[in-house]
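Everything below concerns the one structure shown next.
The values are calculated or read from the model by the stated rules, or taken from the named source; none is laboratory data. Owing to the predicted nature of the structure, the values given are computational and were not obtained by experimental measurement. In this analysis, Cβ positions are derived from the backbone assuming ideal geometry, glycine residues included, and neighbour counts consider all displayed protein chains.
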Amino acid sequence: MINALYMAINKNHEFEDVDGVKCAVVEKNASAERIAFLKPLLELNGYTVITAASAPPKAAPVAEGTEAPPPAPASFTIGVTDVMFNATNAIFGRALRTKDGHIVTLAYWQQKENQSNDEVPYFDRR
């Protein structure tokens, strides 16, 4: 019964223990560069950010006499301690702000733009 309280609403609202702390998952398999972008942005908006190394992907056993594949690049899980956080709702609900006061757009979140251009709606972008 208690575990039912911690079930995700849907695939877009996941949470898990990140470094021993119950967190809403912001992103999985994130690079160190992605952490450097998201952590200050989320902390600016009042969230406590927890990061931890992601588990390495499962690999098929290597047959004798063949070379082992190169190791997977390091990836991380980014979470926030507010388990009600949902990145999709925060972006499209216009709840996040940049350090210069602009609303975080989807293109800015995805790092497709260096500046958040919140004057143009996402559905009018070309």
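Please identify the pairs in which a residue from the range 74-94 that is within 7 Å of residue 24 (Cβ to Cβ) has its Cβ atom under 6 Å from the Cβ atom of a residue that is outside any loop (DSSP other than H, G, I, E, B) and at pLDDT below 90, counting only partners at least 6 apart or on another chain.
Within 6 Å, the pairs are 79/18; 83/15.
Can we say residue 82 is among the acidic types (Asp, Glu) and either under 15 Å from the mean Cα position of the chain (by Cα) or modelled with pLDDT of 95 or more (or both)? It would help to see each step written out before you state the result.
Numbers: among the acidic types (Asp, Glu): yes; either under 15 Å from the mean Cα position of the chain (by Cα) or modelled with pLDDT of 95 or more (or both): yes.
Judged against the criteria, residue 82 is a match.
Looking only at the range 38-54, decide whether some residue is within 13 Å of the chain's Cα centre (by Cα), at pLDDT below 90 and not in a strand (DSSP E or B).
yes
Name every residue in the range 26-48 that is free of Cβ contacts under 8 Å to residues at least 40 places away in the same chain and at positive phi, in order of residue number.
Scanning the range 26-48 gives a single hit, 46.
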